[in-house]
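The structure appears below as structure tokens.
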Amino acid sequence: MSNNRVFRDRRDAGRFLAGLLGQYRCRPDVLALGLARGGVPVVYEVAKDLGVPLDVFIVRKLGVPGQEELAMGAIASGGVLVLNDDVVRGMSLSSEVIQRVAEAEGRGLLHREQMFRDGRPAMDVSGRTVIVVDDGLATGASMRATVLALRRSRAARIVVAVPAAPTSTCQELRALANEAVCATTPSPFFAVGQSYWDFTQVTDEGVRDLLHAAAFSRLPEGVGVCCTAPAIVRSEIFPMKDGIPSDAILFDLVGDADLVLIGAASHGIHEFCAARAAMTRRLIEEKGFAAVAAEADWPDALRVNRFVRGQGEDVTAEEALRGFERFPSWMWRNTDVLDFVGWLRDHNDRFGGHESAKAGFYGLDLYSLYHSIQELIAFLERVDPAAAARARERYTCLDHYGDGFDGQVYRHAAAFGAGETCEQQGVDQLVDLHRHAADYTRRDGRFTGDDYFFARQNARTVKAAAEFYRSIFSGGVSSWNLRDQHMADTLDALAGHLRHRRSGPAKIVVWAHNSHVGDASAAEVAARGEKTLGQLVRHRHPGDCRLVGFTTYTGTVTAAHEWDRPAERKRVRPALLGSLEELFHEVGEKEFLLCLGSTARAARTLTSARLERAIGVIYRPGAERQSHYFRARAADQFDAIIHIDATRAVEPLERTAGGNRGEPPETFPFTA
């Protein structure tokens, strides 16, 4: 019998078996499943060599009561029951006995699924070619149950692959599956273990370790290198559900970083907003993050901040979001942000009067010049009416615009020369605030450190916004750089303020578009001197930040066709050939996370420049290549990317006549 010992161990058998499955190498539709427990070491080597994802499939033997080593059938994932009619009839087993054993084994099966996958969801087999691997077959009962379960799950093609099995069992499975590959068929066949020199029992821990190695530690370098970029990426991705990585993956990615910047390829896609909010919740709850800093105007976000911290006059989350009334209102007035703001208020309410324990919501952007001035004057009226009067006189730049300043400045600022005037007045106001800070802190309890910081930030916003609006008409990239510089400065100022208030680290999650979160030094825009928030944060806080991007292949988006026009629900065209999004589509998974800092092979693949799509608040599909694509090296641009292949439009709180239409947009004067 020793002549039948072909394989050193299960992993050796897997490498041999992979050589018989070469036609499936690097194919995006292929998934390898290993039957637990013995099939997992074999399938690990098969999947590694073929460059395809792997998962575990659980089948439990139904032993005859009192003679448990004798199988009367098997039960598989999905509740599929397969019986050995000869054993059932020969042992006169009743349906009640079979049901009792099946229910007990079914509970054990569910427990093992949860334990082996460590919280990861099962991979979807629908429409895919599935290679099912075990360490060998005797009667084939477990494999028959697996094939039937996969048929029920609508696998497109089922390939059974084993190192050793009797000829008769292989023939049975060829009739049941689309293909059966039996590496050896010993005759006479005594037992599966007779084909191995080392047939040590595989433990539950061993199964978990291999699945973890495949999903988290990545495949060893130089082994099973595939010919296509999608196969390389596929071998190094993390599975997800609803765009949200598991806590273990998320927390490992974030590590001890204090700043986590989470992007989005569009402001108008539901999955991006919802997943970003869900990840932020976990970071606030479990990792002590103290604030969200959004690509939103400072005074409008401040209204939300007051609500979530139990201050201000707003009673509901919807009321708190009414500050976002100007175009594009749906960017923050949507159902996903509404849900998050409501959750953050509930979360903070649990801390009662412990203000330092509450998380806040802040804005980084500078568009709202008029509202920042109004907020600043309102603060001065509370603490120093004389200073408020001086401020009204100082901001003569409002005389031309009134409440319409923010929306009309693009067309009229140059004509009136208001930008330069407001910029200097903003500087004067900052000097005035600094000079009187000590006086304000002594005034009858109406003034707090938060109030003073907010007032100073409103003054900074006035100065920066005036300079920004004036620069729009000078051309070049100065206006973009001024905006992202202001966002980076605001983030640093906020972090410093929160550190002082909390007497400890200030961990902040940033919500912004990919075009701001991504590092511009890795994109073609660097050639014209453009900088981004993510680039500046990386430079200022090396090792203490993470940049995460989102991508999609197709779906719908909420956007406008022109600046200041109503929102429409538009179809997002399938990504262009040669783009990053098209590459991720070819990976063949509905959604996944790719951590570029720990995936050597995928990172090397993504160091070459590819097209990337950026949809802001305006979408113009008819000119998509010119309006919405740029080249970038994704491996250097982000620390991680979450891809969701098909996405849908975000739901604005206000419906418009064009809300259900289907085509084209960008953010004036930028794409984000």
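The values are calculated or read from the model by the stated rules, or taken from the named source; none is laboratory data. Keep in mind the model is a prediction, meaning the values are calculated, not measured. Here the Cβ positions follow ideal geometry from the backbone for every residue, glycine too, while neighbour counts run over all protein chains shown. All accessible areas refer to the heavy atoms of the entire protein, side chains included, with ligands and DNA or RNA removed. Shrake-Rupley method; radii C 1.70, N 1.55, O 1.52, S 1.80 Å.
Restricting the stretch 8-41 to residues that are closer than 12 Å to Val52 by Cα and among the basic types (Lys, Arg) leaves a set whose member that is surrounded by the fewest Cβ atoms within 10 Å (Cβ to Cβ) is Arg25.
Would you mind stating whether Val43 is within 31 Å of the chain's Cα centre (by Cα) and either polar (S, T, N, Q) or not in a helix (DSSP H, G or I) (or both)? No; evaluated as a whole, the condition is false for this residue. Of all the residues in the stretch 511-552, those that are of a type in the set (Asp, Glu) and touching a Leu at 6+ places or on another chain (Cβ under 8 Å) number 2. If only residues of the stretch 238-266 that are more than 10 Å from the chain's Cα centre (by Cα) and of a type in the set (Val, Ile, Thr) are counted, the one that is nearest to Ile644 (Cα to Cα) is Ile249.
Filtered by the rule that a residue be surrounded by 14 or more Cβ atoms within 10 Å (Cβ to Cβ) and either of a type in the set (D, E, K, R) or modelled with pLDDT of 90 or more (or both), the stretch 210-232 gives a lone residue, Arg218. Take Ala155 and decide whether it is under 21 Å from Val192 (Cβ atoms) and small (Gly, Ala, Ser). For Ala155, the condition - under 21 Å from Val192 (Cβ atoms) and small (Gly, Ala, Ser) - is not met. The residues of the stretch 636-659 that are within 30 Å of Ile237 (Cβ to Cβ) and open to solvent by 20 Å² or more (accessible area, probe 1.4 Å), listed by number, are Asp636, Asp639, Asp645, Ala646, Arg648, Glu651.
Report the residue count in the stretch 153-182 for those that are at pLDDT below 95, assigned to a loop (DSSP other than H, G, I, E, B) and surrounded by fewer than 15 Cβ atoms within 10 Å (Cβ to Cβ). Selection size over the stretch 153-182: 1. Flag: Val587 does not match the condition of being in contact with a Gly (Cβ under 8 Å, 6 or more places away or on another chain) and farther than 24 Å from Ala527 by Cα. Number of residues in the stretch 278-320 that are under 25 Å from the mean Cα position of the chain (by Cα), within 12 Å of Gly363 (Cβ to Cβ) and open to solvent by less than 10 Å² (accessible area, probe 1.4 Å): the value is 9. Within the stretch 85-99, not a single residue is among the hydroxyl-bearing types (Ser, Thr, Tyr), crowded, with 16+ Cβ neighbours inside 10 Å and either out of contact with any helix residue (DSSP H, G or I) (no Cβ under 6 Å at 6 or more places or on another chain) or closer than 12 Å to Val133 by Cβ (or both). The number of residues in the stretch 524-580 being closer than 24 Å to His643 by Cα and among the basic types (Lys, Arg) comes to 6.
Scanning the stretch 124-156 for residues that are at positive phi and over 28 Å from the mean Cα position of the chain (by Cα) yields Gly136, Gly140.
Rundown of residues vs (1) assigned to a loop (DSSP other than H, G, I, E, B); (2) modelled with pLDDT of 95 or more, yes/no style:
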position	(1), (2)
Arg326	yes, no
Trp330	no, no
Leu338	no, yes
Gly342	no, yes
Ser356	no, no
Leu380	no, no
Ala386	no, no
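The set of residues in the stretch 45-62 being farther than 17 Å from Val133 by Cβ and open to solvent by 10 Å² or more (accessible area, probe 1.4 Å) consists of Arg60, Lys61. Quick one: in the stretch 468-508, of everything that is among the hydrophobic types (A, V, I, L, M, F, W, C) and not in a helix (DSSP H, G or I), which residue is farthest from Glu285 (Cα to Cα)? Step by step, filter the stretch 468-508, then rank; the result is Phe473. Scanning the stretch 77-99 for residues that are in a strand (DSSP E or B) and out of contact with any strand residue (DSSP E or B) (no Cβ under 7 Å at 6 or more places or on another chain) gives a single hit, Val80. Taking the stretch 12-57 as the range and being under 18 Å from Trp197 (Cβ atoms), modelled with pLDDT of 90 or more and touching a Phe, Trp or Tyr at 6+ places or on another chain (Cβ under 7 Å) as the test, the residues that pass are Ala13, Gly14. The helices (runs of 4 or more DSSP H) located wholly in the stretch 509-609 that include 3 or more residues which are surrounded by fewer than 24 Cβ atoms within 10 Å (Cβ to Cβ), at pLDDT 95 or above and in contact with a helix residue (DSSP H, G or I) (Cβ under 9 Å, 6 or more places away or on another chain) occupy 533-540. In this structure, does Leu109 turn out to be at pLDDT below 90, open to solvent by less than 20 Å² (accessible area, probe 1.4 Å) and of a type outside the set (Val, Ile, Thr)? Yes.
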